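All remarks here apply to the structure that follows.
The values are calculated or read from the model by the stated rules, or taken from the named source; none is laboratory data. None of these values were measured; they are calculated from a predicted model. Reconstructed Cβ throughout: ideal geometry from the backbone, glycine too, with neighbour counts over all protein chains shown. The protein model used for the area step is the full one, side chains on, heavy atoms only, and it has no ligands, DNA or RNA in it. Shrake-Rupley method; radii C 1.70, N 1.55, O 1.52, S 1.80 Å.
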Amino acid sequence: MARQERPVDPTAGPVQALAYELRKLRVEAGNPTYRQLARSAGYGATTLSEAAGGTRLPTLEVLLAYVGACGGDPDEWRRRWHETAERVRPAEPVRQVVGEQDGDPEEGGGAGTEGPELSAVAPSGVRRPGNGPPRPPRPRWVVPVVAVAATIVTIVTIVTVVELPDEGPTAPGTARCPSVPDGAVFTGVTYGGGAHVRDGAARDESVLTTIPPDCTVGFTGFCVGEKVYDNTGGMPDVRWFKVAGGGVVSSAVVHGNPPRDLRASDCRNGRPTSTSLDLSVVTGAGRSGTVTLRATGRDLYVVGFATSEGDPGVSGERTWRQVRLADVRDPTVGASVRLDAMPGPSARGPVVLVAAACLGGDSPTGLVRARQVRPEDPHGAVPVTLDQRQQAEAAGSACRYPSRG
């Protein structure tokens, strides 16, 4: 039976974030096994698994082979690799995954299992075992010295552990959930990998502490920061939740949302919320009923699209249908979605097409733009104004987390 990979926390650092994205690409490719990928990648299954393991940076060659086997865009991933390599702190040696040909993590080997470390060349140029001729044997007199040194290190370690103050970091495996403060505005539950509390709203900010998995945490507000992809569904999210006493936690590793009427506030390394939004409707060439909705604007991170039938000027209940929650990877391009077929004509009249600025799943900003079009004449899309209730309902549907019903 295939062994499941260890979870990767995309907020733990640039290497882990890249690994998380590689796993997401593999899922989007139909979730082939690493052995299946190895047949077309030219590298062993264990090498490909280690590339998405999150413990070290793969070489560019291994990454591009992984991406190519999954049908990804090599130019985009080449850029991501260079961005990741630049973000790795100089103090942290960049251990790169190199090629090898044996093992399959889904058959009990590779990432998520204990085993020998892959051969690699250290940044200093010192070769690791397996990369060169064996070292000459050490003189016999070194052995007693090493034994004495090891004994001294052991004694110092024991004293350090015994004298660890109560207010210091909690030892692994004994961490406790924090109490929910009286002034908490909302709560959330940490995912299975736990959550890092950082000094600012970016993954390269210092980690102040780590909250264990499955903890109910009280938050005093939220701010907008670096985009992180949700740990469960892979959806983008730019919210960072504020922890009482200082620090923020990425919403991507917490199950829960702030109240809809709560607005973002400032935090270290924060970013502005969306301030402008425009929706255009482009008719497909040579295909009846096909239109493309495109949203552009300032400080857009995520855009939701939705449709509804009927004249917005007529009062009454409306049913909104989400079309897509789209990631804005390039602000100059915005986000777009294609409707292969417009809803058919009905007694209710025209179709309303909506774009809403979101901060993530189930997090509308309230910024909404709508256009009205008749199915028989998709070229004639015109801007329309929704009342406050219609805007809230349209934004709620457009920004809805796709996994929910």
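A compact table of results
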read-out	value
Among the residues listed as 153, 162, 189, the single one being under 30 Å from residue 264 (Cα atoms) and either surrounded by fewer than 15 Cβ atoms within 10 Å (Cβ to Cβ) or modelled with pLDDT of 75 or more (or both)	189
Elements of type helices (runs of 4 or more DSSP H) in the stretch 1-90, at least 3 residues being surrounded by fewer than 22 Cβ atoms within 10 Å (Cβ to Cβ)	14-28, 34-41, 60-69, 74-87
Filter pass, residue 238 being within 13 Å of residue 178 (Cβ to Cβ), open to solvent by less than 10 Å² (accessible area, probe 1.4 Å) and touching a residue at least 24 places away in the same chain (Cβ under 8 Å)	no
Residue match in the stretch 206-225 (condition: buried (at least 18 other Cβ atoms within 10 Å of the Cβ), under 19 Å from residue 300 (Cβ atoms) and not hydrophobic (A, V, I, L, M, F, W, C))	yes
Complete set of residues in the stretch 290-320 that are open to solvent by 70 Å² or more (accessible area, probe 1.4 Å), more than 29 Å from residue 226 (Cα to Cα) and at pLDDT 85 or above	319
Residue match in the stretch 224-235 (condition: within 16 Å of residue 257 (Cβ to Cβ), in contact with a helix residue (DSSP H, G or I) (Cβ under 8 Å, 6 or more places away or on another chain) and either of a type outside the set (Asp, Glu) or at pLDDT 90 or above (or both))	yes
Inter-residue pairs, beta-carbon under 7 Å, first farther than 19 Å from residue 294 by Cβ and in the stretch 378-404, second in a loop (DSSP other than H, G, I, E, B) and acidic (Asp, Glu), 6+ apart	400/362; 401/362
Residue count for the stretch 193-211, restricted to those that are touching a residue at least 12 places away in the same chain (Cβ under 8 Å) and in a strand (DSSP E or B)	8
Among the residues listed as 368, 328, 354, the single one being β-branched (Val, Ile, Thr), within 19 Å of the chain's Cα centre (by Cα) and crowded, with 20+ Cβ neighbours inside 10 Å	328
Some residue of the stretch 247-257 being surrounded by 15 or more Cβ atoms within 10 Å (Cβ to Cβ), of a type in the set (Val, Ile, Thr) and closer than 25 Å to residue 335 by Cα	yes
Number of the exception - residue 378 against (1) modelled with pLDDT under 90; (2) over 19 Å from residue 336 (Cβ atoms); (3) touching a Ser or Thr at 6+ places or on another chain (Cβ under 9 Å)	(2)
Filter pass, residue 194 being on the phi > 0 side of the Ramachandran plot, modelled with pLDDT of 90 or more and either among the small types (Gly, Ala, Ser) or surrounded by 14 or more Cβ atoms within 10 Å (Cβ to Cβ) (or both)	no
Verdict on residue 273 being part of a strand (DSSP E or B), open to solvent by 20 Å² or more (accessible area, probe 1.4 Å) and touching a residue at least 60 places away in the same chain (Cβ under 8 Å)	no
Residue check for residue 344: modelled with pLDDT of 90 or more, closer than 18 Å to residue 281 by Cα and among the small types (Gly, Ala, Ser)	no
Neighbours by Cβ (under 6 Å, 6+ apart or cross-chain): first from the stretch 55-77, under 15 Å from residue 20 (Cα atoms); second open to solvent by less than 30 Å² (accessible area, probe 1.4 Å) and among the charged types (D, E, K, R)	70/26
Number of positions in the stretch 212-234 that are outside any strand (DSSP E or B) and either touching a residue at least 40 places away in the same chain (Cβ under 8 Å) or closer than 11 Å to residue 251 by Cβ (or both)	5
